[in-house]
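All remarks here apply to the structure that follows.
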Amino acid sequence: MVDVTTEIVIQVPIEEVSVYASNPENAAKWYTNIKSVEWKTPKPLAQGSKIAFKAQFLGRQLAYIYEVTEFVPGQKMVMKTSEGPFPMETTYSWEEIGPDTTKMTLRNRGIPSGFSKLFTPIMVTAVRRANKADLKRIKTLLEE
């Protein structure tokens, strides 16, 4: 099982952080591996929204569709792949730790199947490294 949780403190109000992070159109700006995003359902973002992502991860091109399964603006967003290389769930959560300070948590979990099962330990390390880099990137973008 892949289950990686990373977090970062961002010196920006929770509303700004959560609005920016939960907007799929911003994903390619702060996720190193995401190359493109396409809405598959009408905007705005809500439970049931579907978004297609194209990414590069561990030297492979990936295409997958996430469905938003839970969305509480300013608190939490959960997305699960409805199509793609293996079932994955991504959770964003935001916690106000001061008037202008937000803790953002990013969790990825899934169960690789078939051939990708063999690479689970490598995937865990790669996901953790990528998530840390992505959270540093969103922090830099939002604190500018």
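No value in this document is a laboratory result; all are computed from the given coordinates. No experiment lies behind these values; they were computed from the predicted model shown. Cβ coordinates were reconstructed from backbone atoms using ideal geometry, including for glycine residues, and neighbour counts include every protein chain displayed.
Please compute the length gained on full extension between residue 69 and residue 11, using 0.36 nm multiplied by the number of residues separating them and subtracting their Cα-Cα distance. It would help to have the intermediate numbers written out before the result.
Working: separation 58, 0.36 × 58 = 20.88 nm, distance 2.81 nm.
Once the chain is fully extended between residue 69 and residue 11, it gains 18.1 nm.
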Review point. What ranking do 60, 107, 129 get, fewest neighbouring Cβ atoms within 10 angstrom at the top?
Key: 60, 129, 107
Review point. Got the relative contact order for the range 2-143 handy, in percent, Cα pairs under 8 Å and 6 or more residues apart?
Key: 31 percent
Revision key, fill the gap. Comparing 14, 65, 97 in a Gaussian network model of the chain (Cα, 10 Å), the one with the largest mean-square fluctuation is 97
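Could you list 100, 134 in order of exposure, starting from the residue whose Cβ has the fewest other Cβ atoms within 10 Å?
Working: 100 12, 134 20.
Ascending number of Cβ neighbours within 10 Å: 100, 134.
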